[in-house]
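The values are calculated or read from the model by the stated rules, or taken from the named source; none is laboratory data. In this text, all values refer to a predicted model and were calculated from it rather than measured experimentally. Backbone-built Cβ (ideal geometry, glycine too); neighbour counts: all protein chains shown. Quick note on the areas: whole protein, heavy atoms, side chains included, nothing else; ligands and nucleic acids left out. Shrake-Rupley method; radii C 1.70, N 1.55, O 1.52, S 1.80 Å.
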Amino acid sequence: MNHFEYRDGTLFAENVSVEKLAQEHGTPLYIYSTATLTRHFQAFDSAFDEIPHMTCYSVKANSNLSVLRTLAGLGAGMDIVSGGELYRALKAGVPAEKIVYSGVGKKAGEIRQALEADILMFNVESTAELAAINEVAASMGKVARVSFRVNPDVDPKTHPYISTGMKKNKFGLDLTQAMDAYREAARLPNVEPIGIDCHIGSQLVTLAPFMEALEKVLDFYRSLKNIGLDIRYLDLGGGLGITYDEEEPPHPREFGLALTSAVRDLPVTVILEPGRVIVGNAGILATRVVYAKHTPSKDFLIVDAAMNDLVRPSLYGSYHRVDEVTPKGRKKLSVDVVGPICESGDFLAKDREIPAMETGELLALFSAGAYGFTMSSNYNTRPRAAEVLVDGDQAVLIRRRETYEDLTALED
Ligand SMILES: *Cc1c(COP(=O)(O)O)cnc(C)c1O
């Protein structure tokens, strides 16, 4: 359920017309809905109400400060993967004790930054990283709280680029290695193992891989208890999928119920790291047709958004629903919706039945709130899109469109 709906023949974001926003702020334009963000966060978080838990939103899905502030205001913690994301989370007012830090390549400076802020814990992904954390903590006279990311070797049956919990992936430690790592951590003076972490992939549309991973994590939890470790946190990661096309992912309630029943009796706080499921369907990308191009073999809509604005179709072959913002009832054509970038991989949608459209008319790409703006770039010296956050009748420009001066500002 989201708050992008057609009313009186045109698309609205909550109570604000998308045509009007595009006119005011230009295109390409990311438009987010506060009501949708709120609803998704609360639906997810409340699914775990029966157990001690923390919902640490995954910042990389959409890291605009206003989005982070909105979620922080609802009580969200954050899952970060870089010093930059730590900076954003703190700036948005997220309490450090609700921040967990994941990622395979934390540098010494970033570790120091996180220890200074006194975040809840590091999700450690290798023994080399453990040594680095111990060393930085020692130099600061601190003890770093850590968990290890375990790799349970389950197949999440998602796109290979977003599957992270199989043996061949760079993430985490297999269970045997992880046991040695916990023993090592218990010996080191400047780290304290307090949790177990696991994140097997993204856009999962069935519960089975989550449950399979959880079973292995729980077995592992018992082994750690047996060697006398005081594990108080189970971080079960993110990954719950959303509907882009015809997927039918489990509802957060179902997901919560399944996980809750498996861990209910344990003296632990469960941490969840949802990203896509919170923001994915809370955002659209509005773009204008630059040209309709007809060739003997194919019809194209060339629009003013491109792979630099929304890379998911090019990178993962992802599907985003595309529709006219103001349907005109023209006959449908099979088209590729493509951007102006000089790459054949620059497409937003392929072989879609879309009504014939003309220069200047508006299209919406749906489900663009997650891994949309955050993965955008300046390729082809294209200024990045503006972002607007709607709340009821109000729309606020939460990131202005980049200018050419912005793009060259850091160069000699
Ligand atoms: C990306 C990521 C998430 C969020 O994944 P979603 O599929 O967006 O829910 C959570 N945890 C970690 C460690 C991640 O890398």
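Structural remarks
- Count of segment 165-211 residues which are within 16 Å of the ligand (Cβ to nearest atom) and of a type outside the set (Ser, Thr, Tyr): 21
- One residue from 230, 219 being charged (D, E, K, R) and part of a loop (DSSP other than H, G, I, E, B): 230
- Number of residues in segment 302-314 that are open to solvent by 30 Å² or more (accessible area, probe 1.4 Å) and part of a helix (DSSP H, G or I) equals 1.
- Flag for residue 111 being open to solvent by less than 20 Å² (accessible area, probe 1.4 Å), modelled with pLDDT of 95 or more and in a loop (DSSP other than H, G, I, E, B): no
- Positions within segment 1-34 being closer than 19 Å to residue 373 by Cα and part of a strand (DSSP E or B), in sequence order: 4, 13, 29, 30, 31, 32, 33
- Among the residues of segment 214-231, none qualifies, meaning not one is charged (D, E, K, R) and either open to solvent by less than 10 Å² (accessible area, probe 1.4 Å) or within 16 Å of the ligand (Cβ to nearest atom) (or both).
- With respect to the conditions (1) within 16 Å of the ligand (Cβ to nearest atom); (2) surrounded by fewer than 21 Cβ atoms within 10 Å (Cβ to Cβ); (3) of a type outside the set (A, V, I, L, M, F, W, C), residue 299 lacks only one, and its number is (1).
- In segment 241-260, residue farthest from the ligand (Cβ to nearest atom) [restricted to those that are over 13 Å from residue 210 (Cα atoms) and open to solvent by 20 Å² or more (accessible area, probe 1.4 Å)]: 246
- Of the numbered criteria (1) surrounded by 21 or more Cβ atoms within 10 Å (Cβ to Cβ); (2) touching a Lys or Arg at 6+ places or on another chain (Cβ under 8 Å), the one residue 236 fails is (2).
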